[in-house]
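K.L.:
Here it is, the structure in full.
The values are calculated or read from the model by the stated rules, or taken from the named source; none is laboratory data. Quantities reported herein were computed from a predicted structural model and do not represent experimental measurements. Counting neighbours? That spans all protein chains shown, and the Cβs are built from the backbone with ideal geometry, glycine included.
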């Protein structure tokens, strides 16, 4: 009987991971269809992070956050990108998700602060990869622009994620953080 419950809980968790990955994938795909051109290369709203912030605040588990982040970025790069896309996305995504989770665990930041930090560190991770690949330090001059756009996008993502966290019922059976 106990083994059956463990299998059911495991199946529920796998199903929720699949839903989260699919939702983040769809947000990323839709975002790519309607590029927001502000004259700055690489600037995107990062709506897939709505899902990541939601997971951080509803599961409280780093494995959930990193699994969904990694699966989404790999699937997106394999479907619509290339090895370069994969490298930039994985580095930016994993850095961003890790920083957001760490800040969440400190209980010092609101959803907005966590999300803004995610937007800023995602850009920092991608810029660091670009500087390494292109073997140039001059890209650092591009960071103030990415800092502002990361903060703006992070705030927007945080705003939407905050609404979702408050209004969407948490999946039953998922391992969750008891503090929420």
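K.L.:
Taking the range 24-62 as the search range and keeping residues that are farther than 17 Å from residue 89 by Cβ and at pLDDT 90 or above, which one is nearest to the chain's Cα centre (by Cα)?
P.N.:
The selected residue is 53.
K.L.:
Could I ask something else about it? Which numbered condition in (1) modelled with pLDDT under 95; (2) surrounded by fewer than 20 Cβ atoms within 10 Å (Cβ to Cβ); (3) more than 17 Å from residue 56 (Cβ to Cβ) is the only one that residue 151 fails?
P.N.:
Only one criterion in (1) modelled with pLDDT under 95; (2) surrounded by fewer than 20 Cβ atoms within 10 Å (Cβ to Cβ); (3) more than 17 Å from residue 56 (Cβ to Cβ) is unmet by residue 151, namely (1).
K.L.:
If you go through the range 1-35 one residue at a time, how many are exposed (fewer than 11 other Cβ atoms within 10 Å of the Cβ) and within 17 Å of residue 69 (Cα to Cα)?
P.N.:
1
Conditions (1) in contact with a helix residue (DSSP H, G or I) (Cβ under 7 Å, 6 or more places away or on another chain); (2) more than 20 Å from residue 146 (Cβ to Cβ); (3) touching a residue at least 12 places away in the same chain (Cβ under 8 Å); (4) assigned to a helix (DSSP H, G or I), marked per residue:
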| position | (1), (2), (3), (4) |
| --- | --- |
| 65 | yes, yes, yes, yes |
| 68 | yes, yes, yes, yes |
| 71 | yes, yes, yes, yes |
| 75 | yes, yes, yes, yes |
| 78 | no, yes, no, yes |
| 87 | yes, no, yes, yes |
| 91 | yes, no, yes, yes |
| 94 | yes, no, yes, yes |
| 97 | yes, no, yes, yes |
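A quick yes/no check of all residues on (1) modelled with pLDDT of 85 or more; (2) out of contact with any helix residue (DSSP H, G or I) (no Cβ under 9 Å at 6 or more places or on another chain):
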position: 132; (1), (2): yes, yes
position: 143; (1), (2): yes, no
position: 146; (1), (2): yes, no
position: 157; (1), (2): yes, no
position: 162; (1), (2): yes, no
position: 177; (1), (2): no, no
position: 180; (1), (2): no, no
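K.L.:
What are the pairs, 6+ residues apart or on separate chains, where a residue within the range 100-118 that is over 18 Å from residue 48 (Cβ atoms) has its Cβ under 8 Å from a residue that is buried (at least 23 other Cβ atoms within 10 Å of the Cβ) and modelled with pLDDT of 95 or more?
P.N.:
If the second residue must be buried (at least 23 other Cβ atoms within 10 Å of the Cβ) and modelled with pLDDT of 95 or more, the pairs left are 103/114; 110/158; 113/158.
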